[in-house]
Ligand SMILES: Nc1ncnc2c1ncn2[C@@H]1O[C@H](COP(=O)(O)OP(=O)(O)OP(=O)(O)O)[C@@H](O)[C@H]1O
Ligand SMILES: [Mg+2]
């Protein structure tokens, strides 16, 4: 990071930033709590758009509005172009705004950004566009905080490569902003949840589904004692917020044409299309809250005004293929991580599209009931999905703002971050109600070392001398097929299904008898046996397992409340 | 971690005649590990990085 902008810790004012293709967001911390800042327009989700009109620069929501009247001088959907060669960008989303082109080997946009009527248009590299946009974000954050913001932690997708990261840092530096650290988006979301005062730090497998405008990114994260390891990721550019807008655009365009058979299709002229898109997105958002939403555009096509409504069920039916694509994406990344839905403790819904109630309720159906689905429509304690990234970034910024830049570099270096993670869980053997030996996990698989965990386990009812058997364990999924049904019963069911067409729309698999799937622990390799003697009736035994960085293991156990105890060490 | 988990299912009784030096018998060792990348994010990672950089142990860190 030679030449990067560096600010001395004492001189810093820090924020957390998300910088998306669709929206950006700013957060800061007060008393260790992260807060998302509204800009001067009152927006907390600030469209990542710049627009030039008569030499004035607009950004955010105001620039977004200019997509209708001034698309050629409006630059949108550019974040993913940073650090990329022209031939590797996907310009799909730039049809209705300034087009990216190749100039001197870099992705650029040509816009009229000067006041003079006859001034030549300017060609701006994507880096310059990013710098100008980030400068506006920093400006509004500085205004809000009443002091000049100097430094930020910025979130990036997990598949951002080194070149993209370097380009983003350079663009921020050119806007006079020090980048303290780039952190990955799903981890920022996980941190935003874990930093809440009521949160319990526990070992858990978390799936973060970040559903945005132009992309859907899903990550499986092993969260171990408050530390995060990404086990697998998947990225999709098809099943996203823009696809949902398109569904409503087509729906309302068809409605319009039905009512106005002789009018021109609004999708066939640029302004009609832009109006359709703008209003469809607003309607889509309204459908996340209400069961009905209205749609109304003045002079949609041929000067004809159009107003309509749509209910949520209709919208969900039309959008089914997008929702199913998102489901498949989530299922595929869990598989890629070598896990099963039964292994997932928590699903964090992040990003604007994650507000969609149907997406959350579909997840509730994919995962077992014990999995927490953290979305506004399924959990009253959920954090606003649109704010998770910025909050996580702000929390990280406040954690490291006192560090010298060099210390941050060292702490984030591969020498510190690349560590062994144990393959199998480590635990002890206990007895279930049926008197069978079962595995009790103490340190779960995919825990980074060094690690230490302590549990208390009940002693046998009458106390006495107790055996603590330390073992490895792992899980498998046990599938029990349903009892085959008598024939008559089955045909009756088929008729039923045909009758309730509307209902069966989303619940196809509920028509079939479901197989039972459960996660079962298997006791593996024995590591050690220890005796805890003379435990009192109703007593408990404390077990501590510490795995060292060299994979040697220290085992200790004793009666809870007693002194001394037994200690042993396994070699690496 | 703040709270210690309590497991309700009981441990086994010590078999009759079981003995070992200092009451512990080492039998095996860990079967495997994978090198992976910890995300350098959050307070617990920073504590980890501190321990790693200063070669400190958990108990030294507790003090
Ligand atoms: N309440 C809502 N209900 C449904 N969709 C919403 C809601 N709020 C925002 N969205 C959609 O979320 C998308 C934007 O997501 P987000 O703000 O996470 O952007 P982003 O990360 O910049 O996206 P990307 O980089 O994927 O383009 C847009 O398609 C927007 O219409
Ligand atoms: Mg995003």
Failed condition for residue A:405, given (1) buried (at least 19 other Cβ atoms within 10 Å of the Cβ); (2) out of contact with any strand residue (DSSP E or B) (no Cβ under 7 Å at 6 or more places or on another chain); (3) at the interface with chain B (Cβ under 7 Å from one of its Cβ atoms): (3)
Residue count for region A:550-561, restricted to those that are without any contact (Cβ under 8 Å) to a residue 40 or more places away in the chain and either surrounded by 15 or more Cβ atoms within 10 Å (Cβ to Cβ) or in a strand (DSSP E or B) (or both): 4
Test: residue in region A:335-342 that is in contact with a helix residue (DSSP H, G or I) (Cβ under 9 Å, 6 or more places away or on another chain), at pLDDT 95 or above and within 12 Å of ligand 1 (Cβ to nearest atom): no
Members of region A:214-238 that are within 11 Å of ligand 1 (Cβ to nearest atom) and assigned to a loop (DSSP other than H, G, I, E, B): A:214, A:215, A:237
Complete set of residues in region A:145-162 that are out of contact with any strand residue (DSSP E or B) (no Cβ under 8 Å at 6 or more places or on another chain) and closer than 25 Å to residue B:41 by Cβ: A:161, A:162
Candidate set from region A:534-549 (those that are part of a loop (DSSP other than H, G, I, E, B) and either within 10 Å of another protein chain (Cβ to nearest Cβ) or in contact with a strand residue (DSSP E or B) (Cβ under 6 Å, 6 or more places away or on another chain) (or both)); member that is farthest from residue A:419 (Cα to Cα): A:539
Some residue of region A:172-182 being under 26 Å from residue A:141 (Cβ atoms) and within 16 Å of ligand 1 (Cβ to nearest atom): yes
Residue within region A:291-304 that is away from every other protein chain (no Cβ under 14 Å), within 11 Å of ligand 1 (Cβ to nearest atom) and either surrounded by 14 or more Cβ atoms within 10 Å (Cβ to Cβ) or in contact (Cβ under 8 Å) with a residue 60 or more places away in the chain (or both) present: yes
Residue list for region A:359-399, restricted to those being crowded, with 24+ Cβ neighbours inside 10 Å and within 14 Å of ligand 2 (Cβ to nearest atom): A:385, A:388, A:389, A:390, A:391, A:392, A:393
Some residue of region A:31-45 being crowded, with 19+ Cβ neighbours inside 10 Å, more than 18 Å from residue A:143 (Cα to Cα) and either more than 14 Å from every other protein chain (Cβ to nearest Cβ) or within 16 Å of ligand 1 (Cβ to nearest atom) (or both): no
Residue in region A:69-90 that is farthest from residue A:213 (Cα to Cα), counting only those that are within 14 Å of ligand 1 (Cβ to nearest atom) and in a helix (DSSP H, G or I): A:81
Failed item in (1) at pLDDT below 95; (2) facing chain A (nearest Cβ under 7 Å); (3) assigned to a loop (DSSP other than H, G, I, E, B), with residue B:48 passing the rest: (3)
Residue match in region A:53-62 (condition: under 29 Å from the mean Cα position of the chain (by Cα), under 30 Å from residue A:403 (Cα atoms) and either touching a residue at least 40 places away in the same chain (Cβ under 8 Å) or within 16 Å of ligand 2 (Cβ to nearest atom) (or both)): no
Tally of residues being in contact (Cβ under 8 Å) with a residue 60 or more places away in the chain and over 13 Å from the mean Cα position of the chain (by Cα) across region A:346-361: 3
Flag for residue A:382 being without any contact (Cβ under 8 Å) to a residue 40 or more places away in the chain, within 16 Å of ligand 1 (Cβ to nearest atom) and in contact with a strand residue (DSSP E or B) (Cβ under 7 Å, 6 or more places away or on another chain): yes
Residues being buried (at least 18 other Cβ atoms within 10 Å of the Cβ) and more than 7 Å from chain B (Cβ to nearest Cβ) - total across region A:451-462: 2
Region A:143-169, residues that are under 21 Å from residue A:8 (Cβ atoms) and free of Cβ contacts under 8 Å to residues at least 60 places away in the same chain: A:146
Subset tally (residues that are facing chain B (nearest Cβ under 9 Å), surrounded by 19 or more Cβ atoms within 10 Å (Cβ to Cβ) and within 28 Å of the chain's Cα centre (by Cα)) for region A:417-441: 6
Subset of region A:188-220 that is facing chain B (nearest Cβ under 10 Å) and out of contact with any helix residue (DSSP H, G or I) (no Cβ under 6 Å at 6 or more places or on another chain) - its residue that is surrounded by the most Cβ atoms within 10 Å (Cβ to Cβ): A:190
Residue A:274 vs. criteria surrounded by fewer than 18 Cβ atoms within 10 Å (Cβ to Cβ), at pLDDT 95 or above and part of a helix (DSSP H, G or I): no
Among (1) within 16 Å of ligand 1 (Cβ to nearest atom); (2) more than 23 Å from the chain's Cα centre (by Cα); (3) not in a loop (DSSP other than H, G, I, E, B), the one test that residue A:96 misses: (3)
Filter result for residue A:289 (within 26 Å of the chain's Cα centre (by Cα) and more than 16 Å from ligand 2 (Cβ to nearest atom)): yes
Neighbours by Cβ (under 6 Å, 6+ apart or cross-chain): first from region A:23-38, on the phi > 0 side of the Ramachandran plot; second surrounded by fewer than 16 Cβ atoms within 10 Å (Cβ to Cβ) and not in a loop (DSSP other than H, G, I, E, B): none
Residue list for region A:1-31, restricted to those being in a loop (DSSP other than H, G, I, E, B) and within 14 Å of ligand 2 (Cβ to nearest atom): A:20, A:21, A:22
Count of region A:345-358 residues which are within 26 Å of residue A:17 (Cβ to Cβ) and either surrounded by fewer than 20 Cβ atoms within 10 Å (Cβ to Cβ) or more than 9 Å from ligand 1 (Cβ to nearest atom) (or both): 4
Test set (1) more than 16 Å from ligand 1 (Cβ to nearest atom); (2) in a helix (DSSP H, G or I); (3) closer than 20 Å to residue A:122 by Cα - residue A:63 fails condition number: (1)
Counted residues, region B:23-36 - those being surrounded by fewer than 15 Cβ atoms within 10 Å (Cβ to Cβ) and either more than 7 Å from chain A (Cβ to nearest Cβ) or within 30 Å of residue A:193 (Cα to Cα) (or both): 2
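The values are calculated or read from the model by the stated rules, or taken from the named source; none is laboratory data. Source: prediction; values computed, not measured. Using ideal geometry, Cβ is built from the backbone for each residue, glycine included, and neighbour counts are taken over all protein chains shown.
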